[in-house]
Amino acid sequence: MPQIFPKKSNLLPHLSLGALLGSGLVVVFLVWYYFSPEYTDVGYAPEQPVAYSHRVHVDQLGLDCRYCHSFVEVADVANVPATETCMNCHEVVLPQSTELMPVRASWSDDSSIPWVKIHQVPDYAHFSHAVHVNNGVGCETCHGRIDHMDVVHLVEPLSMGWCLECHREPEKYLRPNEEITTMGYVHSAGFVQDNLNRIKQEGIRPPTNCSACHY
Amino acid sequence: MSTSTDHTATIPAEPPLVTGNLGFHDITQLVSYHTEKRPPSVWYMTLLVSSTLLSILLILIGYLVWNGVGVWGNNNPVGWGWPIVNFVFWVGIGHAGTLISAILFLFRQQWRTAINRSAEAMTIFAVICALLFPTIHVGRVWVIYWTLPLPNQMEMWPQFKSPLLWDVFAVSVYFTVSLVFWYIGMVPDLATLRDRARNTFKRRILGFFSLGWSGANRHWRNYEKTYLLLAALATPLVLSVHSVVSFDFAVSIIPGWHTTIFPPYFVAGAIFSGFAMVMTLLILARRIYGIENIITIDHLEKMAIITLLTGTMVGFAYITEFFIAWYSQVEYEQYAFINRATGPYAWAYWIMMSCNLLFPQFFWVKRLRRSIPFLFVTSIIVNIGMWFERFVITVTSLHRDFLPSSWDYFNPTWVDMLTFAGSFGLFMTLFLLFLRFMPMVAMAEVKMVLPESDPHFYDDHDESEPSTH
């Protein structure tokens, strides 16, 4: 009987085994890299209705975060400031600026400025700013060097795994409460031990159970 | 030795495994023939019905995914309705195949050779149907991969303490091993089909899957060793899979579920329903395909005996549950069982009892064990009974929970019913395709149990006797 397959098809089993393993690795890599929030979300920097620069306000003028995001210590949401907060200064500072036109328009007709939200957490994950800033999680830890941004962009992936990294080992990330809004904070030597002491003293127990955030 | 000859003489002779004086070539011809010619018209009609049901299933899965599990009757307090009932039903059916092919192989039960191929096919298709139900039951099908321990952005593992997760592993391992076992056992037969194939395309496909099998001595030696090892590997799985399925219930604290008898009782029930399904399918197939000489009435009788045995074991477990409920003096347990037999679902309970415990008792009568119409009817009744067993376990235990204000009566919706009917469409479509394209009987193995395959066969049969092949 003649052979069904030519002799060179003896290579096929080895090739297909190699291809199977190879493509498996490639798929794992593609999913690991391209499907991760670090790839899909980090760097998100939408255009805002007003060209507001955090660099100018924080770095050059020295505003504290809490001047505008005033509920951060008492509420779940760190509010985007009302137009009135802007106008506290801009009534007298640059009152004729064309760039501030939308702000003045909002002020005069009592409408909201449609700021675009950048730091999105899913609806089923509850997050409280107050709990975090009152227990030593600095603004910078999650939002990055806002004081260096003309246009705010997402710095951290905000994925669940990323949350858990800190919830499982908070001592590596906490800072003294009076340094919460400091940008470019440098941890003191031996801060991990200090944090461990503080965690013990103040009973800071970041939960890692499901219903801590999903309720 | 003369003593041993005398001893064997007292054992009544086993009926021949293959009747009709078939030789090696006849068996090849009888089985391969059906993969090579146009199938009988009844095949087309059945395929039409089952593929219609399959389409309904696919449409309903789409409907379910789009709308959510609210389209089913599942609701408080019965959170596990038909999907879980159907899952356990199909997994149970998927047990006979590996029992026949692995355990009976290790016990040298040669009658298994006639039925093992189709029973294993049935197993694989039943497990596919079984895997479908929990998958769509999770609600958000698109995150079903959460059941697997894969690294992910949530840095979360599945809950290893949950029997539902053990189930994922148990059933998928069972599926994989059954599939490999089925395929390895088929290699010599695929080579037979390859050698008979006339067109190049068919020959190449079969050539690919028969892995270069040439029937060489070395091939046979490797094959038989592999088969033995796989049989040894599959044997514990036969027992473990349905034990783990029973843990889904037994590990919980619901009265009526929280019972230590569950694993053996579930395994017996699974073998019971699996053998019934094999009988249903093979009674039809042997008739339609004219292979009554290979799958003989003696094979069917042996299956009937196993059905009688396992059915009685299951019935014994039903009664033991009642005894333990009384003996435990736990009032909740007692209530659960009294409610089962006399409550709003008493009708289902008594269907289960009569189909599973009482009906197989007819098999004590040899005439009924060998009556094809009776076997066929009983095999269907057994599977109705086994579906109701799962229904009784799941629904009656849940519908009256710890809080009487939430007691309710479970009603399935039309989606429940058509999805279940559709799963039969999936099962039958796959089985019909198997009958059409694959050797439905393990030809090589059947040939091995022919008396002529004994190397010493011709020692006693001298040349003067007419050869049987």
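Bear in mind that the values in this text are calculations on the coordinates, not laboratory data. Small disclaimer: the values here were computed from a predicted structure and weren't measured. All Cβ positions, glycine included, derive from the backbone under ideal geometry; neighbour counts span all protein chains shown.
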Could you tell me which of the pairs A:Lys7/B:Lys447; A:Lys8/B:Lys202; B:Lys37/B:Lys447; A:Lys7/B:Lys37 are separated by over 27 angstrom between their Cα atoms in the structure shown? A:Lys7/B:Lys447; A:Lys7/B:Lys37
Mean-square fluctuation check for chain A, GNM, Cα pairs under 10 Å: which of A:Cys139, A:Cys163, A:Cys89 is largest? A:Cys89
Under the definition of Cα pairs under 8 Å and six or more residues apart, what whole-number percent is the relative contact order of chain B? 31 percent
Positive-end residue, the protein assembly as shown charge dipole about Cα centroid, Cβ charges, pick of B:Asn67, A:Cys86, B:Val449: B:Val449
By the DSSP-based rule, helices of chain B that are at least 24 Å long along the axis (C-alpha) and have a mean Kyte score of at least 1.6 are B:41-67
What the Cα atoms of chain B span along the principal axes, largest first and in whole Å, is 85, 54, 44
Assigning unit charges at the beta carbon (Lys, Arg +1; Asp, Glu -1) and nothing else, what dipole magnitude in debye, to the nearest 20, does the stretch B:349-469 show about its Cα centre? 860 debye
Using the charge dipole of the protein assembly as shown (Lys, Arg: +1 at Cβ; Asp, Glu: -1 at Cβ; taken about the Cα centre), state which of B:Cys129, A:Asn177, B:Pro412 has its Cα farthest towards the positive end. B:Cys129
Using Cβ counts within 10 Å as a stand-in for footprinting exposure, how do A:Cys210, A:Cys68, B:Cys355 rank, fewest first? A:Cys210, A:Cys68, B:Cys355
Calculate the mean, over all residues of peptide B:203-210, of how many other protein chain Cβ atoms lie within 10 angstrom of the residue's Cβ. 2
For the protein assembly as shown, what is the calculated [θ] at 222 nm in deg cm²/dmol (nearest 500), taking -39500 (n - 2.57) for each run of four or more DSSP H residues and dividing by its residue count? -18000 deg cm²/dmol
B:Leu230 neighbourhood, Cβ < 12 Å, K/R = +1, D/E = -1, net charge -1
Neighbourhood net charge (11 Å Cβ-Cβ; Lys/Arg +1, Asp/Glu -1) for A:Val72: -2
Can you give the mean number of other chain Cβ atoms that lie within 10 Å of the Cβ atoms in peptide A:153-162? 2
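Under 8 Å for C-alpha pairs, at least 6 residues apart: give me the relative contact order for the stretch B:324-469, rounded to a whole percent.
Relative contact order of the stretch B:324-469: 17 percent.
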Below 8 Å between Cα atoms, with a sequence gap of 6+, how large is the relative contact order for the stretch A:154-215 in percent? 38 percent
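So if I place +1 on the C-beta of Lys and Arg and -1 on the C-beta of Asp and Glu, and nothing else carries charge, what would the dipole magnitude of chain B be about its Cα centre? I want it in debye, nearest 20. Before the final figure, lay out the partial values.
Values: 28 positive and 29 negative charges, 237 e Å.
In debye, rounded to 20, chain B gives about 1140.
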Whole-Å distance linking the alpha carbon centroid of the stretch A:183-206 with that of the stretch B:157-211 is 57 Å
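In debye, nearest 20: dipole of the protein assembly as shown around its Cα centre with unit charges on the Cβ of K, R (+) and D, E (-)?
Values: 41 positive and 53 negative charges, 553 e Å.
Computed charge dipole of the protein assembly as shown: roughly 2660 debye.
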Selected from B:His399, B:Gly256, B:Leu99, residue furthest toward positive end of dipole (the protein assembly as shown; charges at beta carbon): B:Leu99
Neighbour-count order for A:Trp107, B:Trp364, fewest beta carbons within 10 angstrom listed first: B:Trp364, A:Trp107
